[in-house]
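Peer 1: The structure under discussion is supplied below as structure tokens; questions concerning it will follow.
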Amino acid sequence: MKYFFGLLFLLFTMGSCVEIIDDLYVKSDGSGTFKYTVNLSSSVVKINSILALDSLDGRKVPSISEIQEKLNAYLTKLEKKEGLSNVKLDANYKDFIFKFQCEFTNVQVLQKAIKEIVQEENKNTEIKELDHNWLAWDGTKLVRSIPTMPEKITERMKKEDAEALQKGTYLSISRFDRTIEKYDNPVAKLSGNKLAILIKTNPYSLTQNTELLENTIYLSALKK
Amino acid sequence: MKYVSSIFSILACSLFFAQQQQQTSTAGTFSSEDLIPLDAVTVFSINNISLLKKVSMDELVQYEFMAEVQSELFDGSTQGKTLKESGIDFDQKLNVFYGLNENFEIAGFTFGIKDKKQLFNVFDDFEPAASNIKGVEFYRSYSNYLIIKGNSGIVLRVDPSYEKVSVITDSIWYARGFGYFDDGTSEEDEYEEIDDYGYEIPSNSDIEEAENEVIEEEQIEGEMDETDLLSKNYWEMRDSITVELQSKYMTKICDDLFVKELNLKKQDPKLAAQLLHTSDGIFYLDNSRNFRNSRGLWHFQTLFPELFSDMKDLYTGNVMLGDIELKENSVDIYFEANYGESLGAIYEKLNSTKFDKNVLKYIHESSTGFFTYNINLKEGYNQAYDIIIPILSKEKDPRISSNVLMAELINEFVDTDALFETYKGSMFGSFNGIKKVKTTRIEFIYDENTFEYEEKEIQGEEDMPIFTLGFSTNRSDIPEKILKHFGRMTSRFKNMGSYWMVEDAVFNSVPLYIINKNGLLIFTNDEDLAKNHSDGYGSNALKGKRAKAAKSSKFMYGYFDWGVALSSLPREMFNTRQNEILDAMRGKTGVLELVSSDITKTKTKFNLTYNFDGTYDNSGKYLLDLVNSVYVLSK
């Protein structure tokens, strides 16, 4: 768990211009692809200067090999989850761009796998945030949200970290194989071909208000 | 970081006390400096900082570093009070000390007392403790002691060495029939997590450890006779031994100070003489005892007692002494490094060289800071070889003997002339402020019709401190051979004609330039220097007063314009609060200059001067703004 917080800390302190894209593609049969991209390339100098240190603000700075090892461990765990396939991570340690992707048989499988890994990482202690379901699909609509941030993370966030996170971007994209009829989040933006919908915010706003990404997306009727 | 905080606390504490001091010092025959323990290795003594009198107490407590001092010293128990009401006698000196030996670590300060009742309003956590020394009062708060004799007091803390406590505890533990006890300290990479309020956040491993301890204790209790209430678990035993050793060392320190009336001032005439100086403050650092007490050498001392004794002789008399003078527009620090004749002979040979004028060509006249370091490594090596090899040769230990043989063979077979012609020992460095350097970053650009995205390389700029480091050489052909080799091995090394470029060398992001010309091997991240000034800055090179000072300063010269450096640091590097604090220093000038004298067989003298000017209410306020800014930058 120390490493998990270490990675989170690294992400937060380096986030002078972090770009995060979460991209969920749900087919009509409920299966699909999930992609998660973290782009830290605009902070390469800062990241490398931090990685050159042993510790920062009393916290250990993980080495590249430790980060690699930890990410590979997560990957191995995910590969073993039933219902997930083609689990891949493209980690670029020169530009610090990390692209994760996996295919799932249905959104519940994806959600369950992520919850199980978080639970394992926390040594099976009770995490109330995991009671929340952030994905629901019934064939005609997709309900998306994200879990609330633990209060201690948001309350203890330093002002300078908050300022840095405000400069970043967070894109949440949902894609389908049929057109979107309507959606209930007013800040969401529909693509020209009506097959995708996007919500753009910044990581800081998200830590303060997780409802920003809540959306129920209604699709056109399935052609028979 | 904790060490930086402690140093600031001591420095700030000194300023805080000294702010109240009067022009005269010493009271009667027994004064605060007579309470400096023999075991102190470093002493910082404040005589008078009258400049700071102009700063009000209300202003003082507003400083960032004072918050830490207030809480550390007085534990919040003196809210609404000032040091004027603390009962401290500001006619006496304040002496801050620190020491470390193989048995314990000691830290504290000595001071004069004017009103004991008022004093205990401040030190209200201290409870009276039994005293078996006539005329000496003891007070205690946890591990801290306040001891009063006459009108002087000492606050001190003694911590037995961790290793010593471990050895004794383990020994008793094994003797009682228990097995190896893993206290978890050998686990690598354990770091403290500190929350915003300064409390340690227990990590999961800490919690696990605590759980394991409970289990371990339960198992041990099971093994022990449950009716045996005297049996202690490992940690209880450790605590008892720590307290016992603390008491033993305190008794020894108090016997020295109050029964035998031995103190460091009496023991070391160098400190006694230094304390007579009328400067605003003095400092003393006994490096010879630092050598003897160095934890890494205790093992060496046991294995090779004769060799250790010879090496100790080599370090005898190695003491740093200094004076601090605070003037209206400057702070002057004079210090001298004293050493024995054997070490002095090596240093003297190191100094037997001429200043390499070529270095001045590569320091820009507007450079924010630079240093020159001028030594003759070949002469120094030969002298050190002549002094140290005979000492080592006396040792009969096979490992040391084979190392001596190896050193002698290398000395015979290696062309030391070629080695020291390549790396002569002289060097220079400069800081040319912050410049924008070109970097590339990746951005994800998405298509409005499909929201499909792709990577696009964007040219950007980042602020980067610009440094240059150069070494004198008479054999530029040797580094050139190495550079050519790397040029053949990797495309990152590129020969650009008048210089070499190593791509992505600095933080894997920006290039490093290497200039191998004019008897210098220079490394820099300054593209302008490499591309346009590989033969030096010409008419824009360092000249005039500062060039002359660098040339005439013997083995070392340093210059740093703090005012310019601070103004050139981009505001974006700091958060809003830090910028507010640093604004107090922005726009003011402050120049630091270090000059060294000739090296003699017994000492080397240095002068460090900090000159300041600009808009400020008074120089005391300026100094505090400076201390506060340095504190903020170091946090």
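Peer 1: Which residues' amide hydrogens lie under 5 Å from the amide hydrogen of B:ASN47, considering only partners 5 or more residues apart or on another chain, with H built in the peptide plane?
Peer 2: B:GLY281, B:ILE282
Peer 1: Over the alpha carbons of chain A, what is the largest minus smallest coordinate on each principal axis, giving the biggest first in Å?
Peer 2: That gives 61, 36, 35 Å along the principal axes, largest extent first.
Peer 1: Shifting gears a bit: Listing B:TRP562, B:TRP235 from the residue with the fewest other Cβ atoms within 10 Å to the one with the most, what is the order?
Peer 2: By the 10 Å Cβ count, ascending: B:TRP235, B:TRP562.
Peer 1: Follow-up. Could you give the DSSP H helices of chain A that reach 20 angstrom or more along their long axis (alpha carbon positions) and whose average Kyte-Doolittle hydropathy is no lower than -1.0?
Peer 2: Within chain A the helices that satisfy the rule are A:64-79, A:107-121.
Peer 1: Relative contact order, percent, of region A:2-219 when contacts are C-alpha pairs under 8 Å separated by at least 6 residues? Numbers along the way, then the final one.
Peer 2: Working: 380 pairs, mean separation 51.2, N = 218.
The value is 24 percent.
Peer 1: How large is ³J(HN,Hα) for each residue in region B:384-399, as worked out from phi by the Karplus curve 6.51 cos²θ - 1.76 cosθ + 1.60 (θ = phi - 60°), to whole Hz, x for Gly and Pro?
Peer 2: 5, 4, 5, 8, 7, 4, x, 5, 5, 5, 6, 6, 9, 4, x, 5
Peer 1: Let me know the Kirkwood hydrodynamic radius for region B:84-159, please, with Cα pairs as the basis and the value in Å to one decimal.
Peer 2: 13.0 Å
Peer 1: Let me know the mean shielding of A:163-169 by other chains, meaning the per-residue number of their Cβ atoms within 10 Å of its Cβ. Provide the component values of the computation, followed by the final result.
Peer 2: Working: counts 3, 1, 0, 0, 0, 0, 2.
Average neighbour count from other chains, rounded to a whole number: 1.
Peer 1: Can you run phi through the Karplus equation (6.51, -1.76, 1.60; θ = phi - 60°) for region B:143-155 and list ³J(HN,Hα) in whole Hz, with x for Gly and Pro?
Peer 2: Calculated HN-Hα couplings, in order: 8, 9, 10, 10, 10, 10, 10, x, 9, 10, x, 9, 9 Hz.
Peer 1: Past 25 Å, Cα to Cα: identify those pairs from B:LYS361/B:LYS435; A:LYS81/A:LYS200; A:LYS182/B:LYS456; A:LYS46/A:LYS159; B:LYS349/B:LYS481; B:LYS361/B:LYS424, in the order given. Let's see the in-between values first.
Peer 2: Details: B:LYS361/B:LYS435 21 Å; A:LYS81/A:LYS200 30 Å; A:LYS182/B:LYS456 32 Å; A:LYS46/A:LYS159 18 Å; B:LYS349/B:LYS481 30 Å; B:LYS361/B:LYS424 18 Å.
Correct reply: A:LYS81/A:LYS200; A:LYS182/B:LYS456; B:LYS349/B:LYS481.
Peer 1: Still on this structure: Out of residues 5 or more away from B:SER426 or on other chains, whose amide H comes under 5 Å of its own, with H placed 1.01 Å from N in the peptide plane?
Peer 2: Result for B:SER426 returns B:ILE375, B:LEU377, B:SER472.
Peer 1: Let me ask another. Strictly over 24 Å apart at the Cα level, which of B:LYS327/B:LYS543; A:LYS77/A:LYS189; A:LYS141/A:LYS194 would you flag in this model?
Peer 2: Table pairs above 24 Å Cα-Cα are B:LYS327/B:LYS543; A:LYS77/A:LYS189.
Peer 1: Taking amide hydrogens as modeled 1.01 Å from N in the peptide plane, which residues meet the under 5 Å criterion relative to B:LYS232, leaving out close sequence neighbours?
Peer 2: Under 5 Å from the amide H of B:LYS232: no residue qualifies.
Peer 1: Each residue of region B:167-175 in turn: what ³J(HN,Hα) in whole Hz from Karplus with 6.51, -1.76, 1.60 and θ = phi - 60°, glycine and Pro shown as x?
Peer 2: For region B:167-175, the Karplus-derived couplings read 4, 5, 4, 4, 4, 5, 4, 5, 4 Hz, x marking Gly and Pro.
Throughout, read-outs are computed from the coordinates displayed, never taken from laboratory work. Source: prediction; values computed, not measured. Heads up, the Cβs are rebuilt from the backbone with ideal geometry, glycines too, and the neighbour counts pull from every protein chain shown.
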